[in-house]
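Take a look at the structure set out below.
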């Protein structure tokens, strides 16, 4: 069965429950759909190019030879919910490159043997109003993950929430921020939390205009966190 045919045949705005099974193909979502992959295992990528797409209840299996993200978001208001990412690849699992995305309640596991699993979720300067919430990030015991959540090329006024995530076997930094002028709410993240690395002085952290106050607040509201200011 070809899942892309089912997606292309669905009406815009529909809820599409995919049939149980294992599938090896890439998918392109070019209309607003609520796609439920209950008991679906996918070896492939999903590229979201339409607004208001929801992807839920998939299991993603991908090997280390893939360099493209498993899910690439290039449209507004995407939701990535309750999925299992089980991968040995060294690429990003979810790339957020558009506003108002929600990545919530996923389990993201990387078993890279090459210590190159740089980031599981990568949000760019286009990811205003993104929410990364209640996910579990699990690295392999022999390598870990350099930075499960990376925010890069942030721009003035961009707002991103990183809330109540759990980390296990993160090798270097749990959260890595690169950019200027962003408003970040980093709260309630727990378990094996390593450094929160701040490059290039974001303007406001947890609503604090003063960087030092913001750093202190992040440490207080994220058990085990150490904020490293590296300019």
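If residue 109 passes every condition in (1) more than 14 Å from the chain's Cα centre (by Cα); (2) at pLDDT below 90; (3) part of a strand (DSSP E or B) but one, which one does it miss?
Checking residue 109 against (1) more than 14 Å from the chain's Cα centre (by Cα); (2) at pLDDT below 90; (3) part of a strand (DSSP E or B), the one that fails is (1).
What's the number of the condition residue 153 fails, among (1) part of a loop (DSSP other than H, G, I, E, B); (2) modelled with pLDDT under 85?
(1)
Does residue 206 satisfy the condition of being at pLDDT 75 or above, buried (at least 16 other Cβ atoms within 10 Å of the Cβ), touching a strand residue (DSSP E or B) at 6+ places or on another chain (Cβ under 8 Å) and within 20 Å of residue 102 (Cβ to Cβ)?
No: the conditions fail for residue 206.
Taking the condition of being under 19 Å from residue 124 (Cβ atoms) and modelled with pLDDT of 75 or more, how many residues in segment 182-203 meet it?
Number of matching residues: 8.
Can you name every residue in segment 124-150 that is outside any strand (DSSP E or B), within 22 Å of residue 73 (Cβ to Cβ) and at pLDDT below 85?
Answer for segment 124-150, where residues must be outside any strand (DSSP E or B), within 22 Å of residue 73 (Cβ to Cβ) and at pLDDT below 85: 125, 146, 147, 148.
The values are calculated or read from the model by the stated rules, or taken from the named source; none is laboratory data. Note that this is a predicted model, so its numbers are computed, not measured. When we count neighbours, we look across all protein chains shown, and the Cβ atoms used for this are built from the backbone with ideal geometry, even at glycine.
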